[in-house]
Structures are given as C-alpha cells and as structure tokens.
Amino acid sequence: MGELAETSTEIVRRPKINFTRLLTEQLAEVDPRLKKTYAQLIITQMVKKAALGDYRFANMIFERVDGKTADRLAGPDGGPVQIEILVNAIASVYGKDDPNVIDVTHRLLHEGE
C-alpha cells in the first residue's frame, strides 16, 4: 500500500500518492470567480499563447491532438526498417543476380544526402 520508512525509533508507513488522480480532480474543479474548470482555463491560455506564435505551446497542442511525431523510422518490433521491397523491385528490372541491383539500391537510398 504505502512505502515503509525506518526512523531510529519506529517504522512509519508513508501513504502512496496518486498524482494523476489528484491532478485530474484539481483540473475538474471550477474556479468560483470565472465559472470555468481549471482545465478549461489552462487550455484557453495554451491556445492563446500558440496563436501568438509561441512554438512550444503550438507543438504541445499538435502533439496532444495528432500524437507525437516519431523520432525515427523503425521496422517491426522497433527494429531497423527493411528495404527488401525496394531491392526486389530493382531486381525485377535488372534481374535477380545482376550486380547493378545493389549499386542502384545504394544510390536510391543515399540520394539527397
């Protein structure tokens, strides 16, 4: 349930704090003066700052709405991206055993670097 902490004279049980639950509850509370939830007030400020050109807030909003952009491309199970389809397509043009398959694939992959 909680975390145990030993003092010189006794063992004290510290309660486990669920920050997500506490934060969610606080954000749902209504500001008595403005009659809006704290979540609504925060979101309004975020949108205003983004509209005024603050990239950090614009990025935060887009990541929340569209999802975070991948930092890198990855294949199945997070492994490397497979280029087998590209190699097979080139091999179908040149022939499976043609040495140009590797050369053409390499040039296509590194074009624009």
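Nothing in this text is a laboratory measurement; each read-out follows from the coordinates by a stated rule. What you see is a predicted model, and the numbers here were worked out from it, not measured in a lab. Every residue, glycine among them, receives a Cβ derived from its backbone with ideal geometry; neighbour counts consider all protein chains shown.
Given contacts defined as C-alpha pairs under 8 Å and at least six residues apart, what's the relative contact order of the range 3-66, whole-number percent?
14 percent
Run the reach check for residue 36 against lysines, Cα to Cα strictly under 23 Å, same-chain hits fewer than 8 apart removed. What comes back?
Within the straight-line limit of under 23 Å, residue 36 reaches these lysines: 48, 49.
Please work out the FRET efficiency for the pair residue 68 and residue 13, using the Cβ-Cβ distance as r and a Förster radius of 41 Å; give the result to the nearest 0.05.
0.60
Amide H of residue 36: which non-local residues (sequence gap of 5 or more, or other chain) have their own amide H closer than 5 Å, using H built in the peptide plane?
The answer is 31.
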